[in-house]
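Some notes on the structure that comes next.
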């Protein structure tokens with residue numbers, strides 16, 4: 001059984017940890033407000049751009065001459081997977097959930113005998129994936145030194161993907177990230193960005209309310225590369241809000257668990273102290289009676 005001194009030191013240590021987790025929860029809550037606002041403001045823009053592309057696609061009569069970013073290379077042999085995680089831990093299952101979804105997709109691709117290539121954004125995702133899928137990782141990116149992810153970082157990732165696609169290094173590109181719902185719920189997403197996912201029907205139900213000038217093909221040539229960076233930036237914003245929400249929840253749970261542990265340790269400490277006092281009294285009384 002631990003001594004009174006050991007119990008006292010452990011109680012002090014747990015209380016110090018509780019103060020740290022409580023402070024981290026407050027910091028995450030403050031960051032969450034800004035991150036959530038940014039994510040909510042970015043959604044309408046990315047959704048509207050996606051709808052415009054779908055409208056343009058419906059207006060094209062001959063898709064055989066459409067840009068490759070829209071219709072693809074005609075093959076699905078090589079899959080490029082971009083796994084977006086954080087550079088910091090202590091955020092619950094945020095990183096693990098993204099990696100779990102990505103691993104399931106990797107396994108499916110490899111079982112079908114197709115080629116897998118991986119780009120990791122964030123050191124935590126890279127650390128989890130390199131153990132099993134290290135030979136498939138072609139690029140590791142990290143923006144740990146950036147206080148806030150801006151559109152320029154999304155453009156950098158988008159340019160890397162586009163350059164690789166122009167060299168015919170892959171046929172299909174999938175983004176893996178967490179979609180922010182609320183503080184408790186963050187849903188892992190697998191979004192196809194190349195070629196453009198045309199399974200999602202436009203809100204116009206096939207009716208085109210736009211007249212395009214110049215032609216649809218020319219607009220798509222300019223719009224599709226921008227859409228890649230836009231969707232990546234949206235994923236960054238969603239990830240940022242999800243990370244802070246997950247960290248806030250994790251630190252709240254840690255704070256409450258630390259409080260419960262302090263209570264249980266205090267009970268053990270008091271019982272041990274009372275037992276020690278009782279033993280000393282018995283020894284004193286026994287010694288007095290013997291005289």
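Throughout, read-outs are computed from the coordinates displayed, never taken from laboratory work. Only a predicted model underlies this, so the values are computations on that prediction, with no experimental measurement involved. Backbone-built Cβ (ideal geometry, glycine too); neighbour counts: all protein chains shown.
What do you get for the angle between helix 94-111 and the principal long axis of the chain? Use alpha-carbon atoms, 0 to 90 degrees, nearest ten.
Tilt of helix 94-111: around 50 degrees.
Arranged from highest to lowest average of other beta-carbon atoms within 10 Å per residue, in what order do the peptides 3-9, 173-179 appear?
Most protected by this proxy first, the peptides run 173-179, 3-9.
For the chain, what does the helix formula give at 222 nm: sum of -39500 (n - 2.57) over DSSP H segments with n ≥ 4, over the residue count, nearest 500 deg cm²/dmol?
Computed mean residue ellipticity for the chain: -22500 deg cm²/dmol.
Please state, as a whole number in µm²/s, the translational diffusion coefficient that the Stokes-Einstein equation yields for segment 143-197 at 4 °C and 1.567 mPa s, with Rh defined as the Kirkwood radius across alpha carbon pairs.
Diffusion coefficient, whole number: 98 µm²/s.
For a quick protection proxy, order the peptides 14-25, 145-156 by their average other-Cβ count within 10 Å, most packed first.
The packing order, highest mean first, is 14-25, 145-156.
Only bridges with both residues in the chain count here: give the DSSP antiparallel percent, nearest 5.
Roughly 35 percent of the beta bridges in the chain run antiparallel, per DSSP.
Just to be sure I understand the model, the point goes 7 Å from the Cα along the line to the Cβ. What's the resulting residue 9 to residue 33 distance in nm?
4.2
So for the pair residue 90, residue 187, with labels modelled 7 Å out along Cα→Cβ, what separation do we get in nm?
Using points 7 Å along Cα→Cβ, the separation is 3.0 nm.
What angle, in degrees between 0 and 90 and rounded to the nearest 10, separates the Cα long axis of helix 4-59 from the longest principal axis of the Cα atoms of the chain?
10
Between residue 166 and residue 75, 0.36 nm times their residue separation minus their Cα-Cα distance comes to what?
31.3 nm
Estimate the FRET efficiency between residue 197 and residue 100 by the formula 1/(1 + (r/R0)^6), using the beta-carbon distance for r and 35 Å for R0, to the nearest 0.05.
Taking R0 as 35 Å, the efficiency between residue 197 and residue 100 is 0.95.
From Cα pairs below 8 angstrom and at least 6 apart in sequence, can you work out the relative contact order of the chain, rounded to a whole percent?
33
Based only on Cα atoms, what Rg/Rh ratio does segment 219-289 have, Rh being taken as Kirkwood's radius?
In segment 219-289, Rg relative to Rh is 1.70.
Quick check on packing: order 121-133, 45-57 by the mean number of other C-beta atoms within 10 Å, highest mean leading.
Highest to lowest by the protection proxy: 121-133, 45-57.
Taking the chain as the reference, fit the longest principal axis to its C-alpha atoms, fit the long axis of helix 123-133 to the helix C-alpha atoms, and give the angle between the two in degrees, 0 to 90, nearest 10.
80
Expressed in nm to one decimal, what extension gain is obtained for the pair residue 115 and residue 277 from 0.36 nm per residue of sequence separation less their Cα-Cα distance?
That works out to 51.2 nm of additional length.
From the P(r) of segment 22-147, can you give the percent of Cα pairs sitting at distances over 19 Å?
Taking all Cα-Cα pairs of segment 22-147, the fraction more than 19 Å apart is 66 percent.
Remind me, what semi-axes does the chain give for its equivalent ellipsoid, largest first in whole Å, using sqrt of 5 times each Cα gyration tensor eigenvalue?
Those come to 57, 20, 14 Å.
For the residues 248, 26, what sequence is obtained by ranking on other C-beta atoms within 10 Å, fewest first?
26, 248
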